[in-house]
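Coordinate-derived values only; no laboratory data. Values in this document were obtained by computation on a predicted structure and should not be read as measured data. Note that each Cβ is placed from the backbone with ideal geometry, even for glycine, and that neighbours are counted across all protein chains shown.
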Amino acid sequence: MTDASRTPRGPRLPLPPLPLFLLDPILRRVARKVAAENPDLFDRLGEHRHSWFLIDPVNLPFMLYLRPDPDALDFRAVPKGATPPHAARIAGRFLRLLSLMEGDEDGDALFFSRDLTVTGDTEAIVCLRNALDDVERPVAETVADMFGPPGRIALRALREAAARERQQAEAQP
Amino acid sequence: MTRPELICPAGTPAALRAAVDAGADAVYCGFQNATNARNFVGLNFTPQEMAKSIAYSHERGAKVLVTLNTFPPAGKLALWYGAVDLCAELGADAIIVADIATADYAHRAHPGLRIHLSVQAAASSPEAIAWYVREFGVRRVVLPRIMTVGEIAGLVADIPCEVETFIFGNHGLMVEGRCSLTTYATGQSTNMDGACSPAACVAYDREPDGSLATRLSGFTIDRFGPGDTAGYPTICKGRYLAPCREDGYYAFEEPVSLNASAMLGELIAAGVHAFKIEGRQRSKAYVKKVVAAFRAAVDAIAEGREPELADLVALTEGQKQTEGALKTKRWR
């Protein structure tokens, strides 16, 4: 779990200003697809399926706001600085969060190295982590497939970048 | 040279498959209730998942050992007895038990079901172990993490069952199965409810000075500066202020993981039958990396080659590792 003051190890990615409302339909479609492919995920979440999670990729210009409730599924982007009501917040660099989702990185190890910050309802976060970790096919792969060959090319590039970032982090004393 | 079994952790079916695919000889895992000493939210197996996981493992030549390693409260044995029956019905290769009533029931009701004595039973003397073997037909004992290799070698020669030792993961040095430290703070029993520092009782708070405070049921148990590595939110790994010390210090244990990878040859020579990797609360990424590393190391030693030891420090608690009591009783 990282102190947020230490987490960002560099400038934010140079993305152009993004009208977030354009992202929301895509994010909702992604959430519906992942939910449809992984119905067991909600059993592991138990009562925390009703919780709102704020996911903060600290080097991106927006955050993600998720309620993993199969009956009221919601996934959208919110601007930095916004603090919509949430049970728990998880923060880390985008590529480390992606590696976590991919099952390439261990959440406890990111906690020990302080590359991940969690605040709020710890049980909700642990539950979400455990539920996602039991998903066999990486969520990012499901998302990439939704966008066909360009999605898969983008995922390959992101995975390579994530692997480089992991290697750099592990090489640090 | 005997090649010890590699016993690997799984908190989810996906982690179990990762362990089997990475070369585990056996995987240990538990149900989603208080029979299991890793009774954490979102973790563990339903009976249906256990059945599928046993089938997956057996198809690939791996065993499944089910952890029923907690202590039933007085008069509430039904949950534990039911779990024993379920393990027999599902074809588990062994159950890992700590409680004598559970062991006694399994021995009488399912004489063909193999019983391993959990580390939670804290049995480390030849007399204690021989008693469990005689009374309940225990086939293997998991030794507490407080013994040197020399002591283990002496014990192996004196007891009528197999020996399993931890080689990686949590470095718990309390008298296992007896530790009630977090129970005083949380009101939940580590040994009967199966949850040491349950996540619902844990909070991480940013302090005004920028540090991060770890609290368990409102008690501050550690505070990390921006550059500090962190450990688990358990009282035994907490840092405390005391009149005899200038700064906070680790009064019980430091956040550090056991890593006996450089001692595998000595442990094999001591007659250890099985090596255990701790970490059912960890991710499948951890399982995959640690199991693969130890699979390669054990195979290399068994084939007379020098093992190439993978660097696992990034996965250790507090990013620190020790050979602990296996090396010396004076590890701190």
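Can you pull the percent of Cα pairs in the range A:75-133 with separation above 13 Å? Each step should come with its number before you reach the end.
On the way: 1112 of 1711 pairs.
Value for the range A:75-133 (Cα pairs over 13 Å): 65 percent.
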Rounded to two decimals, the Debye log10 I(q)/I(0) of the protein assembly as shown (Cα scatterers, no solvent) at q = 0.10 Å⁻¹ is -0.79
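Restricting to lysines 8 or more places apart or on different chains, can you count the pairs in the protein assembly as shown with Cα atoms under 16 Å from each other? Mind showing how you got there, number by number?
Details: B:Lys52/B:Lys63; B:Lys63/B:Lys276; B:Lys237/B:Lys320; B:Lys276/B:Lys288; B:Lys276/B:Lys289.
Total qualifying Lys-Lys pairs in the protein assembly as shown comes to 5.
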Other protein chain Cβ atoms within 10 Å, averaged over every residue that makes up B:273-283
2
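Compute the orientation-averaged projected area for chain B from the convex hull of its Cα atoms and round it to one decimal in nm².
Details: hull surface 69.2 nm².
Average projection, Cα convex hull of chain B: 17.3 nm².
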Please arrange A:Asp71, B:Asp21 by how many other C-beta atoms lie within 10 Å of their C-beta, fewest to most.
A:Asp71, B:Asp21
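Please compute the Kirkwood hydrodynamic radius of the range B:181-250 from all pairs of different C-alpha atoms, in Å with one decimal.
On the way: mean 1/r = 0.0783 Å⁻¹.
After inverting the pairwise mean of 1/r, the radius is 12.8 Å.
With the contact rule set at Cα under 8 Å and sequence spacing of 6 or more, what percent relative contact order holds for chain A?
26
Using a 10 Å cut-off on Cβ atoms, rank the peptides B:229-241, A:157-169 from the highest mean neighbour count down. All intermediate terms of the calculation are to be shown ahead of the outcome.
Numbers: B:229-241: 21.2, A:157-169: 14.6.
With the highest mean Cβ count within 10 Å placed first, the list reads B:229-241, A:157-169.
For A:Arg28, what is the net charge nearby, where nearby means another residue's Cβ is under 14 Å from its Cβ and Lys, Arg count +1, Asp, Glu -1? Let's see the in-between values first.
On the way: positive: A:Arg29, A:Arg32, A:Lys33, A:Arg67, A:Arg76; negative: A:Asp24, A:Asp69, A:Asp74.
Around A:Arg28, the charge tally is +2.
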So what does log10 I(q)/I(0) come out to for the range A:20-171 at q = 0.12, 0.21 Å⁻¹, using the Debye formula with one equal point on every Cα and no solvent?
-0.48, -1.72
Across B:4-17, the residue-averaged tally of Cβ atoms belonging to other chains within 10 Å stands at 2
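So which trypsin sites (Lys or Arg not before Pro) in the range A:76-132 are both in a DSSP loop and have at most 13 other Cβ atoms within 10 Å of their Cβ? Walk me through the numbers on the way to the answer.
On the way: sites: A:Arg76, A:Lys80, A:Arg89, A:Arg93, A:Arg96, A:Arg114, A:Arg129; in loops: A:Lys80, A:Arg93, A:Arg114.
Counting only loop positions with at most 13 other Cβ atoms within 10 Å, the trypsin sites (Lys or Arg not before Pro) in the range A:76-132 are A:Lys80.
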Most exposed first by the Cβ proxy, i.e. fewest other Cβ within 10 Å, how do B:Glu164, B:Glu253 rank?
B:Glu253, B:Glu164
Per-residue mean of other chain beta-carbon atoms within 10 angstrom of the beta-carbon, peptide B:176-186?
0
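Counting alpha carbon pairs within less than 8 Å and at least 6 residues apart, what relative contact order, in whole percent, applies to chain B?
Working: 682 pairs, mean separation 70.4, N = 332.
Once divided by the residue count of chain B, the mean separation gives 21 percent.
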Charges on Cβ only, +1 for Lys and Arg, -1 for Asp and Glu, centred on the Cα centroid of the protein assembly as shown; of A:Val34, B:Asn69, B:Gly248, which one is farthest towards the dipole's positive end?
A:Val34
Can you give the helix-only mean residue ellipticity at 222 nm for the protein assembly as shown, where every DSSP H stretch with n ≥ 4 adds -39500 (n - 2.57) and the sum goes over all residues, rounded to the nearest 500 deg cm²/dmol?
-11000 deg cm²/dmol
